[in-house]
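S.K.: Handing you this structure, nothing more for now.
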Amino acid sequence: MRIPRLCVFEPLVAGADIVLPEQAGEHVARVLRLEHGHPLILFNGDGREYRAEIAQLAKRAVTVRILDGGTPTDRESPLQLTLAQGVARGEKMDLILQKATELGVTRIVPLITGRTEVKLDAERTGRRLAHWQAVIAGACEQSGRTTLPVLDAPLRLANWVVGLDASTGVRLALDPRGDVSPRTLPPLQVATLVVGPEGGLSEQDLGMLDQADFHGLRLGPRILRTETAGLAAIAALQALHGDV
């Protein structure tokens, strides 16, 4: 029997009944067509998986009962990797966030760079963050992760670099002219990877990153699109320094 995994952003307590979020409830009732008593696995980002079952099905709400206090479940990579991604347009950004989460990144920082084409005001930023958080949660449901990557609010590159400290670990920025490759890096435990948007990082961007002690990371002789480049770099770093 397939047991669906669902992300629920609220405390999960043994014996408690909770109403699933609308989208999750619709998926359970209308897409999967599950019935009363069907088992579920819930998680809320605290590193545990909670056994649950459907307690009540209604037209507009699905109620589930939490059956235990949760089982610690660690599927996190030993490589703590932050992806600082130049904000890409529409579905490209969704794809990047989804696959980066599946590949095990620890933190995601959306960056406004010199060539970012997406315009974000306060209202749009709030909507985008809520949408991106849902994309990340869905990727965790699929991939088995119980700890969600931290999602930062979008920042301008110049504002972001001045706030960096030693917790960033080894600093890398994708650059076809870079002087290091994934194979030539020393063993990594903590790293930060900057990826440009469509059009890549500008010379001004690269200058700021160079002053902030970022190393140019090259992936080979071919120029990759933003939705390919970061994911290829993450996969290479996880294969060489993580758990892939």
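S.K.: Got a sec? Which helices (runs of 4 or more DSSP H) wholly within region 138-244 have at least 2 residues that are within 16 Å of the chain's Cα centre (by Cα) and surrounded by 13 or more Cβ atoms within 10 Å (Cβ to Cβ)?
M.R.: 226-241
S.K.: A further question on this structure: Does any residue of region 213-234 turn out to be touching a strand residue (DSSP E or B) at 6+ places or on another chain (Cβ under 8 Å) and acidic (D, E)?
M.R.: Yes, the conditions are met somewhere in region 213-234.
S.K.: Considering only region 217-244, state which residues are touching an Asp or Glu at 6+ places or on another chain (Cβ under 8 Å) and under 16 Å from L188 (Cβ atoms).
M.R.: The one that is touching an Asp or Glu at 6+ places or on another chain (Cβ under 8 Å) and under 16 Å from L188 (Cβ atoms): L217.
S.K.: Sort out for me the strands (runs of 3 or more DSSP E) sitting completely within region 17-85 that have 1 or more residues that are out of contact with any helix residue (DSSP H, G or I) (no Cβ under 8 Å at 6 or more places or on another chain) and of a type in the set (G, A, S).
M.R.: Where strands (runs of 3 or more DSSP E) fall fully within region 17-85 and carry at least 1 residues being out of contact with any helix residue (DSSP H, G or I) (no Cβ under 8 Å at 6 or more places or on another chain) and of a type in the set (G, A, S), they are 48-57.
S.K.: If T113 passes every condition in (1) among the hydroxyl-bearing types (S, T, Y); (2) without any contact (Cβ under 8 Å) to a residue 60 or more places away in the chain; (3) in contact with a Lys or Arg (Cβ under 9 Å, 6 or more places away or on another chain) but one, which one does it miss?
M.R.: If we test T113 against (1) among the hydroxyl-bearing types (S, T, Y); (2) without any contact (Cβ under 8 Å) to a residue 60 or more places away in the chain; (3) in contact with a Lys or Arg (Cβ under 9 Å, 6 or more places away or on another chain), just (2) comes out false.
S.K.: Then there is this: Which of the residues that make up region 115-132 are outside any loop (DSSP other than H, G, I, E, B) and either small (G, A, S) or buried (at least 16 other Cβ atoms within 10 Å of the Cβ) (or both)?
M.R.: A122, G126, R128, L129, A130, W132, listed by residue number.
S.K.: State whether one or more residues within region 148-164 are polar (S, T, N, Q) and in contact (Cβ under 8 Å) with a residue 40 or more places away in the chain.
M.R.: Checked region 148-164: no residue is polar (S, T, N, Q) and in contact (Cβ under 8 Å) with a residue 40 or more places away in the chain.
S.K.: Taking L155 as the residue in question, decide whether it is at negative phi, among the hydrophobic types (A, V, I, L, M, F, W, C) and out of contact with any Gly (no Cβ under 9 Å at 6 or more places or on another chain).
M.R.: no
S.K.: Residues of region 93-114 being farther than 16 Å from V194 by Cβ and either modelled with pLDDT under 95 or buried (at least 23 other Cβ atoms within 10 Å of the Cβ) (or both), which ones?
M.R.: T101, G104
S.K.: Something else about it: Pairs needed: first member in region 3-30, farther than 22 Å from T147 by Cβ; second member anywhere, among the basic types (K, R); C-beta distance under 6 Å; at least 6 residues apart or different chains.
M.R.: That search, which allows pairs on different chains as well, returns D17/R65.
S.K.: Next up: Suppose the filter is in contact with a Phe, Trp or Tyr (Cβ under 7 Å, 6 or more places away or on another chain) and modelled with pLDDT of 95 or more; does L79 pass it?
M.R.: no
S.K.: Report, ordered by the first and then the second residue, all pairs with beta carbons closer than 6 Å, sequence separation of six or more or different chains, a first member in region 201-223 that is among the polar types (S, T, N, Q), and a second member that is not in a helix (DSSP H, G or I).
M.R.: Hits for this filter: S202/G114; S202/R115; Q204/G114.
S.K.: Does at least one position in region 59-69 carry a residue that is basic (K, R) and at pLDDT 95 or above?
M.R.: Yes, the conditions are met somewhere in region 59-69.
S.K.: Can you pull out the residues in region 33-87 that are surrounded by fewer than 15 Cβ atoms within 10 Å (Cβ to Cβ) and among the basic types (K, R)?
M.R.: Scanning region 33-87 gives R33, K59, R60, R75.
The values are calculated or read from the model by the stated rules, or taken from the named source; none is laboratory data. Here the structure is a predicted model, which means the values were calculated and not measured. Neighbour counts are summed over all protein chains in view; Cβ atoms, including those assigned to glycine, are modelled from backbone coordinates with ideal geometry.
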